[in-house]
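Taking it in order: structure first as C-alpha cells, then the write-up.
The values are calculated or read from the model by the stated rules, or taken from the named source; none is laboratory data. Since this is a predicted model, take the numbers as computed values, not measurements. Glycine gets a Cβ as well: all are built from the backbone with ideal geometry, and neighbour counts include every protein chain shown. Note: areas computed on protein heavy atoms with side chains; ligands, DNA, RNA excluded. Shrake-Rupley method; radii C 1.70, N 1.55, O 1.52, S 1.80 Å.
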Amino acid sequence: MRFRAKIVDLACLNHFSRIINTIAKLAKTCILRLTVCKLYFILSDKVANGGASMWCELSQGNFFDEFQMDGVAAEHNEIYLELVPENLSRALKTAQSAKAVKIKLSNKHCPCLRVAVELPSLSSSSRIVTHDIPVGVIPRRMWNDFREPSVPDFDVSIYLPVLKTMKSVVEKMKNLSNFIVIEANLNGEMNLKIETDLVSVTTHFKDLGNPPWASEDGCQSSARGRDLESMAEACIDIKKLQQLLAGQQVNPTKALCNIVHKRIVHFILLHEEGSLQYFIPAIA
Amino acid sequence: LSRIGDELYLEPTESGLSLRAVNSSRSAFASFLFAPLFFQLYEPGSAGPDTELFRCKVHMKSFLGIFRSLPSLEKSVGKCLILLKPRASRLVLQLHCKYGVTKTHNLAFQECERLQAVFDTQRCTSRLCAPARLLADAVVHFPPTLAEVTLGIGPSGKISLRNYVEDEAEPSKTMVTELWLAEDEFQSVAVAPGSHITFCLKEFRGLLSFAEASNLPLTIHFDEPGRPVIFTLDDTVLEVHLVLATLSDLESNSQSPSTNGVSHLPALSDEFADDLESYMAAMETNEGGSEGPPSPTFPLRTPQPAESEPEEEEEGAVPGTPPHKKFRSLFFGSVMTPGRPGLATTQEVLAEDSDGE
C-alpha cells in the first residue's frame, strides 16, 4: 500500500487548501478514500456528528502534478484512511508560497501522511517543513460503511440563493435560535425560518429555480405531480448549516438542496474541481 | 514583558534602567536594560553606603494601560517622565503631550527584592545567532497554541525545530511538525551536533516579535537539556535577556551528549539534501528499518517525581500555566547555595528569594 503525490502549482495548492479548510470545518474526523483518479473525503452519519454526513469527491488531476497510488490489493486498488482534516489544513496553511508540496503515506512509528513543504529561503538550500499527520488505515472489511450515499427520494429540489447572502442571514439567525426551518417549493421559492418564544424571523427567497432531475428508470419520484406551491420543510440544527455555509469561500458553480419533508436536507455544491454533498437530518 | 508575568519590576542601576518580569511558575525570566544614553535624562538616585538604589514592582496592566495606544502616543506625546517617589509610595509617569496637555499617572508600587535569575551565557556550550526574521519565519509553521518546541542540532550541523509531544499524549494521535534551517542562514553557529533543548514557545514568541520590530539579531545560548536557554538581543542602548527553563532529559545525565537519544533523526539528516526530491527519497530508504520500540525522535523524559518534590515544598510555588509540571526543574529556588552538587542536575538555583546579600 503506497501513496505519493505532489503539488507544484500555487493555484492548485490554493484550491486544494481551501477545500481542505471547508472539510475541516464540517468534520472533526473523516475518511480519506484514495483511488487512482479521485480523492474522497467522507463523513458517515454517526451519532457523533449529530447524524450529518458528507461526501466530497475531487478529481486528483485537478490538483496534483504527480499522483501514485497502490491500493491494498490489485482488485481493490484503493486506500481508506481515517484522519483529522484540521491537521491537514494546518499543514497546508503556511505552505501558500511553497515551491512544492509532497504528500506521502508513511509508516515510521505509526501510519501517517507526511506532508513535506519546500519553501523558498534566502539561503542556498530551500526551507523544508514536514508535518506528520497520524492516520488510521481502514481495513477492507469496513469499506462498505463508507459507500456513496444515494440521492434521497426528495420532495423538493431547489437551487440555493447566493451563498454569501444565505450565510449572513443564517449567521444572524444563529444568534437567536438553535434550530432553523428550511422550506422550499417547486416554484423556486425558499424560506428560512426561526421561531423562539420571543420572536420569529422568516427570510423569503424567490425566483431561485428548480433543477431538472431526470428520473432514471422512468418511475415517478415523489417530486412529480406535486403541487408547485406546496412547501416541503425540515427543521435542522442551525450550527450545521452555518458551518457548511461558512466553509464556502468561493462561489460554487452550482449549489442546490433536496428536501425530504421533515426527514433530511441534502445539499449539493458543485465546483470546477469537485463536488461536495452534505446531509443534515431533520430534528424530530 | 507582559507575555511573561503580571508584575513589572523596575530596577534603576548605575548602568541603566532595568525592567524585568518573571512568570508565576518561575520558569521564564526577562530583563530589558536601557542604558543611560537611551534617555534624555537619567538619574538613578543615590545609593548610600548601607542602602541600595530603590527598586519596586508595579502591576503590569496598570503600567501598560498608560501606553495603550502606541500610534496615538507617537503623535501626541512629546516627552515621558518617569519618577519614583518612595516616600509617597508612588511611581509617577508623566506624559507631556501637545497643546500643553500633561497627563500624570500615579501608580502604586510595591517594594521588592532584587529579581535576578542566575545565568551565565559564557557557560553555555552552544550558541546560535540569527536575524529575528529567520526565526519568526520558522516559528510560524507551528500552531499558535503549541506549548513547547524542541530545538536540535543534527549531526550534519543542520538546525531543527520540532513541536514537542508530551509522553502522555498518544504519539499516534498527535501531528508532528518539523523543519530544518541551514547553517548559512544564521549569522553565527557554535553548536555541538546532537544537542537539543525543549522550551516554551509562548514567551519566546513575545521576544521574537520585539526583535523583529526592532530589527535586531537574536542570539540563542544553550547547554544541556534542563539547563536554561538564554535569548539575547544587543543594541548600543539596550540589552535584552530572556531566560527560559528547558525540559530536562534524565538520559543526558548519564550519557554524553553525542549518544543522547537522537536515534532516528540523524539517519535522516545525514542524507539531508537541498531539495525535496532527494529528501523524500532519503525518507524512503530509511523507512524499512524502524528498529526498536516506537519512540519519539527525542526521547525526553520528565524529572522523576521524587526528585522534584523537595523543590516543591521549599519553593512553595504552584506551577502556573504554561509551562506545566515538567518544567519543575526550574531555575528559581528558595534559599539554597549554588555549591550543592547533588541537586545541580535537577534544580538550578539561580535566584535567591531571601532578603539581603
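May I ask you to verify whether A:Leu58 is closer than 30 Å to B:Arg162 by Cβ and hydrophobic (A, V, I, L, M, F, W, C)? Talk me through it step by step, then tell me what you get.
Details: closer than 30 Å to B:Arg162 by Cβ: no; hydrophobic (A, V, I, L, M, F, W, C): yes.
So A:Leu58 does not fit the description; no.
So is A:Leu58 within 16 Å of the chain's Cα centre (by Cα) and more than 14 Å from chain B (Cβ to nearest Cβ) or not? Criteria met by A:Leu58. Is one or more of the residues making up the stretch A:76-83 open to solvent by 10 Å² or more (accessible area, probe 1.4 Å), away from every other protein chain (no Cβ under 11 Å), in a loop (DSSP other than H, G, I, E, B) and hydroxyl-bearing (Ser, Thr, Tyr)? No, the conditions are met nowhere in the stretch A:76-83. Do you know which residues across the stretch B:1-21 are assigned to a strand (DSSP E or B), open to solvent by 20 Å² or more (accessible area, probe 1.4 Å) and of a type in the set (A, V, I, L, M)? Selection gives B:Leu17, B:Leu19.
For the stretch B:133-153, the set of residues classified as part of a loop (DSSP other than H, G, I, E, B), modelled with pLDDT of 85 or more and more than 7 Å from chain A (Cβ to nearest Cβ) consists of B:Phe142 only. Among the residues of the stretch A:247-269, those identified as surrounded by fewer than 19 Cβ atoms within 10 Å (Cβ to Cβ), in contact with a helix residue (DSSP H, G or I) (Cβ under 8 Å, 6 or more places away or on another chain) and not polar (S, T, N, Q) are A:Val250, A:Pro252. Can you find a residue that is over 30 Å from B:Pro36 (Cβ atoms), within 14 Å of chain A (Cβ to nearest Cβ), open to solvent by 50 Å² or more (accessible area, probe 1.4 Å) and free of Cβ contacts under 8 Å to residues at least 60 places away in the same chain anywhere in the stretch B:177-200? The answer is yes; a qualifying residue exists. The single condition from (1) at the interface with chain B (Cβ under 9 Å from one of its Cβ atoms); (2) modelled with pLDDT under 90 that A:His131 fails is (2).
Scan B:Ser172, B:Ser160 and give me the residue that is free of Cβ contacts under 8 Å to residues at least 60 places away in the same chain and either among the polar types (S, T, N, Q) or assigned to a loop (DSSP other than H, G, I, E, B) (or both). Break it down stepwise before answering.
Details: B:Ser160 fails: free of Cβ contacts under 8 Å to residues at least 60 places away in the same chain.
Among B:Ser172, B:Ser160, only B:Ser172 is free of Cβ contacts under 8 Å to residues at least 60 places away in the same chain and either among the polar types (S, T, N, Q) or assigned to a loop (DSSP other than H, G, I, E, B) (or both).
Among the residues in the stretch B:49-67, are any under 30 Å from B:Gly226 (Cβ atoms) and at pLDDT 85 or above? Yes; the residues of the stretch B:49-67 include at least one that is under 30 Å from B:Gly226 (Cβ atoms) and at pLDDT 85 or above.
Tally time: how many residues in the stretch A:109-120 are within 7 Å of another protein chain (Cβ to nearest Cβ) and surrounded by fewer than 18 Cβ atoms within 10 Å (Cβ to Cβ)? Number of matching residues: 1.
For the residues A:Ser157, A:Ser123, A:Ser150, the requirement of being within 14 Å of chain B (Cβ to nearest Cβ) and either open to solvent by less than 10 Å² (accessible area, probe 1.4 Å) or assigned to a loop (DSSP other than H, G, I, E, B) (or both) singles out A:Ser123. Filter the stretch A:37-76 for residues that are within 19 Å of A:Lys104 (Cβ to Cβ), out of contact with any strand residue (DSSP E or B) (no Cβ under 6 Å at 6 or more places or on another chain) and at pLDDT below 90 and give the result. If the condition is that a residue be within 19 Å of A:Lys104 (Cβ to Cβ), out of contact with any strand residue (DSSP E or B) (no Cβ under 6 Å at 6 or more places or on another chain) and at pLDDT below 90, then A:Val72 is the only one that fits.
Just to be sure, is A:Asn191 within 14 Å of chain B (Cβ to nearest Cβ), open to solvent by 10 Å² or more (accessible area, probe 1.4 Å) and among the polar types (S, T, N, Q)? I'd like the intermediate steps shown before the answer.
On the way: within 14 Å of chain B (Cβ to nearest Cβ): no; open to solvent by 10 Å² or more (accessible area, probe 1.4 Å): yes; among the polar types (S, T, N, Q): yes.
Taking the combined requirement at face value, the residue does not satisfy it.
Could you tell me whether any residue of the stretch B:228-237 is of a type in the set (A, V, I, L, M, F, W, C), open to solvent by 20 Å² or more (accessible area, probe 1.4 Å) and in contact (Cβ under 8 Å) with a residue 24 or more places away in the chain?
yes
Evaluated against (1) away from chain B (no Cβ under 14 Å); (2) modelled with pLDDT of 90 or more, A:Arg4 falls short on exactly one condition, (1).
Filter the stretch B:22-44 down to the residues that are touching a strand residue (DSSP E or B) at 6+ places or on another chain (Cβ under 6 Å) and either assigned to a loop (DSSP other than H, G, I, E, B) or modelled with pLDDT under 85 (or both) and list them by number.
Taking the stretch B:22-44 and keeping what is touching a strand residue (DSSP E or B) at 6+ places or on another chain (Cβ under 6 Å), we get B:22, B:28-36, B:44.
Result: B:Ala35, B:Pro44.
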